[in-house]
1. Looking at the stretch 189-211, which of its residues are modelled with pLDDT under 75 and of a type outside the set (A, V, I, L, M)?
2. List pairs: first in the stretch 271-289 and over 24 Å from Ile366 (Cβ atoms), second of a type in the set (Lys, Arg), Cβ under 9 Å, 6+ apart or cross-chain?
3. Under the condition of being of a type in the set (Val, Ile, Thr) and touching a helix residue (DSSP H, G or I) at 6+ places or on another chain (Cβ under 8 Å), which residue from the stretch 96-153 is modelled with the highest pLDDT?
4. Condition (residue is touching a strand residue (DSSP E or B) at 6+ places or on another chain (Cβ under 7 Å), closer than 22 Å to Val181 by Cα and of a type in the set (D, E, K, R)) applied to the stretch 52-68: is it met by at least one residue?
5. Select from the stretch 234-270 the residues that are farther than 24 Å from Lys345 by Cβ and either in contact with a helix residue (DSSP H, G or I) (Cβ under 6 Å, 6 or more places away or on another chain) or of a type in the set (Gly, Ala, Ser) (or both) and list them in ascending order.
6. Which of the residues spanning the stretch 504-517 are crowded, with 19+ Cβ neighbours inside 10 Å and closer than 22 Å to Ala464 by Cα?
7. Within the stretch 291-311, which residues are in contact with a Ser or Thr (Cβ under 9 Å, 6 or more places away or on another chain) and surrounded by fewer than 20 Cβ atoms within 10 Å (Cβ to Cβ)?
8. Just to be sure I understand, how many residues within the stretch 408-420 are part of a strand (DSSP E or B) and touching a residue at least 24 places away in the same chain (Cβ under 8 Å)?
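The values are calculated or read from the model by the stated rules, or taken from the named source; none is laboratory data. Because the structure is a prediction, the values reported are computed rather than measured. Please note: Cβ atoms are built from the backbone with ideal geometry, for glycine as well, and neighbour counts cover all protein chains shown.
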Amino acid sequence: MRRILKWAGIAIAVLVVAGVLLAAFFDWNWLRNPISSMVSKVLDRRFAIHGDLSVDVSMTPRITMNQIELANTSWGSRPEMLNLDRIEFSIRLKNLLDRQVVLPEIRLSKPRLVLEKNTEGKTNWIFGTSEKVKQGKSTESPKIGLLTIDDGNLVYLDPKTEANLVVSTGVDTAKRQIIEVRGQGHFEKARLVVQVTAGSILSLREKLAPYPIDIEIAFGNTKVMAKGTLKDPVQFQGPDLMYTVQGSDLSEFYPVIGVSLPKTPPYKLSGHLTREGEQWILKNFQGFVGSSDLSGSIVYTTRNERPFLQADLASKKLDFKDLAGFLGAEPTPEKTESNRILPDKPYDLKALRTGDADVKFQSKNIITPNLPIDEFAAHLQLDHGKLRLDPLNFGIDIGQITSNIILNAQQDKIVTKADLEIHKVPFKRLLANTRFAAQSEGTFLGRANLAATGNSVAEMLGYADGDVAIIMENGRVSKLLVELIDLDIAKSFALALTKDPSIPIRCIIADFGVTQGLMRTQPLVMDTTESNIVGKGEINLRDETLDLHLTAHPKTASILNVQAPLIVKGPFKDPTVYPDPKYLAARTTASLALGALLTPVAAIIPWIELGLGKDSQCQTLIAAAKKNSAVAPRIRKNN
């Protein structure tokens, strides 16, 4: 037995020595082709080791491979996806018995990696057709200790977004153990610069603590900065980041998020970014857009395989011009010589169709130099190219303008339907910042129903059909204002030097029929204790021109009252007002009976009279219209 054990021990020792000598003097290059073939078969992509392959034998052997190539896909822009001058890595053999791959150290020299997509959205980093890949099986990723990258370079290409990004990567030595990524290129024709500083590979793999990360991205005129931690940096899950985003226009985010945003003036917003599953949540952000403050929360995700943006926004002080982008106008329009007032910039149909949104916005304090608006509230819903603003409301003192608007951008021309109502809007507020406001009273009621086609606000209104009607009740108006319209020279100049008293307004009724952008009066009347003013003519929304005749019928005489009809004519931006030369010699002091004048407006009475006050003079005029036998059939029809 002793002799057997002795010779067995000698045999084992000889085998070990032979194994060590074999490993020490073995030409490992013999294994290059078998290894290349095996990897090529697994990845279903050509893999080759062209340089030397060597192994330093130990319980943690170090393996070195030189001149490595990995082929690109057949549709790739370059023959190789990866070129690598050298890779050195060590592996712990004892962990392999437990089916764990532990790589204490990896060193990469001059890696050149190309990641790209094709026009169909396919990527070149999906490998293999083996049964394991087909069945969705996966193995645990290796545990990496120290990673060192010498002169790394990554290129990312995407023809759909015209992305062309070149990134240089690097990892510090064991002293600092941080990852640094710097890149520059283009995305959607805009210049893109990326800089990322992150924690060590060791903390990345072991997940001992939240992974620190600092990101700076500049895209066109947009700059994004985020700093904080990630619970799972590989999947970018569990972010806890404080961010700041600033730029010249929020609409520049459309290529990134796939959801249409309106054009805005310069902005800067800061807040807290988290992620729950596939939802990216921007919590409690605040900042400014133009000269308006903005705060709220935003959730971005993919719903039914489409980008979806949900937001709840508020502003404590809103400058109304900062909302110009919602109306299709430029927030900071270029100074050009043009008589156009209505926004004529077309909406982006592609942007309206690409993503969906549900956005609520409100403000209790609005700055409007030319509009008497106090509050604003809107709910915007965008679903497969169909945009609904319901409601889109404006508060004016005790009154309100409510509306709901639908824009269907699923066809080549946007089909729009708008329903607007005016509730108790004070006349005084319409004359704000004028000398006539103090002597003016009364409230407006009204409604507008319009249907239109067109890809800009100007085109929509230029081809609109529908009705617009407005009634003012129980008001007062500056006597100077009325008599200036009357061209009563003596009274106008006299009142200009006095306290400028006011006179009661019995009723104002303005009814317009709209056909292909042409608004025709039917009729336009104002009854005061001093005068009855009758208007007729057209407002052309397509050409943005006025052609109105205002005739005043005074109820008292004035020696110098020339009493000529007033003509308002010309473009919206700069109309001309002058007396009708055909009637300069005409004169009448008889009051005009408004019962007959109201005959054409009877059609709109049923849906507007319910908002009138019980003591309104308009009720009397409407009653007179109803008694007119000529309009009785129309009244019954519309009731």
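1. Ser200, Ser203, Arg205, Glu206, Lys207
2. His272/Lys283; Leu273/Lys283; Thr274/Lys283; Ile281/Arg275
3. Filtering the stretch 96-153 for residues of a type in the set (Val, Ile, Thr) gives 101-102, 106, 114, 119, 123, 126, 129, 133, 139, 144, 148-149.
Restricting the remaining residues to those that are touching a helix residue (DSSP H, G or I) at 6+ places or on another chain (Cβ under 8 Å) gives 101-102, 144.
On the way: Val101: 80, Val102: 83, Ile144: 73.
Per the stated criteria, the residue is Val102.
4. No, that holds for no residue.
5. Matches in the stretch 234-270: Gly238, Ser270.
6. Ile509, Ala510, Asp511, Phe512, Val514, Gly517
7. Asp293, Ser295, Arg306, Pro307, Gln310, Ala311
8. Result for the stretch 408-420: 6.
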